[in-house]
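S.K.: Quick one: the structure is below, and I'll ask about it shortly.
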Amino acid sequence: MNKKVFTNQLLRSTTSIGANFEEATESQTGKDVIYKLSVVKKEAKENLYWLDLISEAFPVLKVNCATLLQENVELIRIFASIISKKKANLNY
């Protein structure tokens, strides 16, 4: 596969994170917020997949990918924490 295929997929999942997060901030109900943030977390996990593939397919990008992977893991933890707190507040 060429680099463009990987970067296009990564771009899609990354922009989905932002779009769904924006939707979550405008959600009408707590359950909708949880749902949207769950989608955000899933897309962030997809980013891990694509970054891993890019890192393996293009070793010259390994260092850059490692930094992005770590930041992505931190974001997943943040989203998971927010979801957990929202669920606790709703007795979900």
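The values are calculated or read from the model by the stated rules, or taken from the named source; none is laboratory data. Everything quoted here is computed from the prediction, not taken from an experiment. So basically every Cβ, Gly included, is an ideal-geometry build from the backbone, and we count neighbours across all protein chains shown.
S.K.: Given the structure, is residue 27 over 16 Å from residue 12 (Cβ atoms), surrounded by fewer than 16 Cβ atoms within 10 Å (Cβ to Cβ) and not hydrophobic (A, V, I, L, M, F, W, C)?
M.R.: Details: over 16 Å from residue 12 (Cβ atoms): yes; surrounded by fewer than 16 Cβ atoms within 10 Å (Cβ to Cβ): yes; not hydrophobic (A, V, I, L, M, F, W, C): yes.
Judged against the criteria, residue 27 is a match.
S.K.: Please pick out the residue among 20, 2, 47 that is surrounded by fewer than 16 Cβ atoms within 10 Å (Cβ to Cβ) and among the polar types (S, T, N, Q).
M.R.: The match here is 2.
S.K.: Something else now. Could you tell me whether residue 32 is of a type in the set (D, E, K, R) and more than 15 Å from the chain's Cα centre (by Cα)?
M.R.: Here the answer is yes, as residue 32 does meet what is asked.
S.K.: Test of understanding: among 27, 13, which residue is part of a loop (DSSP other than H, G, I, E, B), within 30 Å of residue 90 (Cα to Cα) and not hydrophobic (A, V, I, L, M, F, W, C)?
M.R.: 27
S.K.: For the structure I just gave you, tell me whether residue 72 is at pLDDT below 95, out of contact with any Gly (no Cβ under 6 Å at 6 or more places or on another chain) and assigned to a helix (DSSP H, G or I).
M.R.: no
S.K.: Within 29 Å of residue 89 (Cα to Cα), in contact with a Leu (Cβ under 8 Å, 6 or more places away or on another chain) and assigned to a helix (DSSP H, G or I): is that true of residue 19 in this structure?
M.R.: No; evaluated as a whole, the condition is false for this residue.
S.K.: List pairs: first in region 20-40 and over 15 Å from residue 87 (Cβ atoms), second among the aliphatic types (A, V, I, L, M), Cβ under 8 Å, 6+ apart or cross-chain?
M.R.: From region 20-40, the pairs are 20/37; 20/39; 20/40; 21/37; 21/40.
S.K.: Are there any pairs with C-beta distances below 9 angstrom linking a residue in region 48-76 that is over 18 Å from residue 18 (Cβ atoms) and without any contact (Cβ under 8 Å) to a residue 12 or more places away in the chain to a residue that is surrounded by fewer than 17 Cβ atoms within 10 Å (Cβ to Cβ) and of a type in the set (Asp, Glu), with the two at least 6 apart or on different chains, and if so which?
M.R.: 62/56
S.K.: Please work out if residue 11 is free of Cβ contacts under 8 Å to residues at least 12 places away in the same chain and in contact with a Ser or Thr (Cβ under 8 Å, 6 or more places away or on another chain).
M.R.: Criteria not met by residue 11.
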